[in-house]
Each structure stands twice: as structure tokens, then as C-alpha cells.
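Enquirer: Below: one structure in C-alpha cells.
Read the figures in this text as sums done on the coordinates, not as results from a lab. Small disclaimer: the values here were computed from a predicted structure and weren't measured. Every residue, glycine as well, gets a Cβ built from its backbone with ideal geometry; the counts of neighbours run over all protein chains shown.
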């Protein structure tokens, strides 16, 4: 009786989960609900599990339930594997697309800078100021009087 109560509690939790999951994934919710309902039925009426097992050619009801559980577990494992593989392929594709895009942007920026005509900047014309024996230009001294007035 204690095992029946414990199993009923666990299967009841699965029923609650199935109701919560049915909006996100109706198939998973329906399958979980059906499995939990069948489990609750066989927990409280184990003689029917034995009769069903004899009809299926299996000796005991417990053996039939274990076989079904193994098949369901393998199907869930296969489903998770396929989803994980799909996710991995999607991430690989995204990473490849990003890497190629960045490489193309870098290459186009490199080409754009190398094909741009080179401009040579001419030094500004400066006034020559005679100071002693050497000639000093206004650019070498710093800023002109007009520039120093605007910077203050």
C-alpha cells in the first residue's frame, strides 16, 4: 500500500507536468498524460497489467511495464540526441556565417584603404622670420599670432 501511494504521488506529479507542458508541446503533454494515466491505472489494478502481459506474450505485468519503459526511454533518448545534433549544426552554421562575414568585412576594408588614391599633404606656407644668423619658420616656432588668439 505504501508503494502504491508513493507511485501515485509521483505519477500525479507527471500529470500536473503534462497539463503544464501541453501548451508548449501538445504531443509531449498528451503522451505524458496518457502514460501517467496508464501508470496510475496499473498501480491500483495490477491484475489487469498481468492480464495484458499474458495477452502480449510476456509472463508478468511488471515485465511488460519494464519493457515498455525501456522502449519509451530509448525513444526519448533518441529524440534528445536528434535535437542536440540539430542545435549543434545550427550553432556551427551561425559561427561559420559570422566568421565569413567578419573576414569579408576586414578584407573589403583592407581593399578600400589600399585602392584609395594616396594624397600627399603639403606643408602650410609659412613666413620666414629672420632671427640672428638662422632662419626660423612660423610652423617650426608653433602657432601664428592668429591661431594663439583663437585657442585662448
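Enquirer: Give, as ranges by residue number, the residues of region 69-87 whose backbone N falls under 15 Å from the point 7 Å along Cα→Cβ of residue 38.
Expert: Counting only backbone N, you get 69-76.
Enquirer: Next question, about the same structure. Sort 32-45, 13-26 by the packing proxy (mean of other Cβ within 10 Å over each peptide's residues), most packed first. Show your work: numbers first, answer last.
Expert: Details: 32-45: 16.0, 13-26: 12.9.
Per-residue Cβ counts within 10 Å, averaged per peptide and sorted highest first, yield 32-45, 13-26.
Enquirer: Once fully extended, how much extra length lies between residue 111 and residue 63, figured as 0.36 nm per residue of separation less the alpha-carbon to alpha-carbon distance? Before the final figure, lay out each step's value.
Expert: Working: separation 48, 0.36 × 48 = 17.28 nm, distance 7.14 nm.
So the extension gain works out to 10.1 nm.
Enquirer: Starting with the highest mean, order 47-60, 72-85 by the number of other Cβ atoms within 10 Å, averaged over the residues of each peptide. Present the calculation step by step, with values, prior to reporting the outcome.
Expert: On the way: 47-60: 13.2, 72-85: 10.4.
Taking the mean over residues of other Cβ atoms within 10 Å, the ranking is 47-60, 72-85.
Enquirer: Sticking with this one: How far apart, in nm, are the 7 Å Cα→Cβ label points at residue 85 and residue 23?
Expert: In this crude label model, residue 85 to residue 23 measures out at 3.3 nm.
Enquirer: Okay, moving on. At 0.36 nm per residue, and after removing the present C-alpha to C-alpha distance, how many nm does the segment from residue 45 to residue 31 gain when stretched out fully? Can you show the working numbers first?
Expert: Numbers: separation 14, 0.36 × 14 = 5.04 nm, distance 2.08 nm.
Contour length minus Cα-Cα distance gives 3.0 nm.
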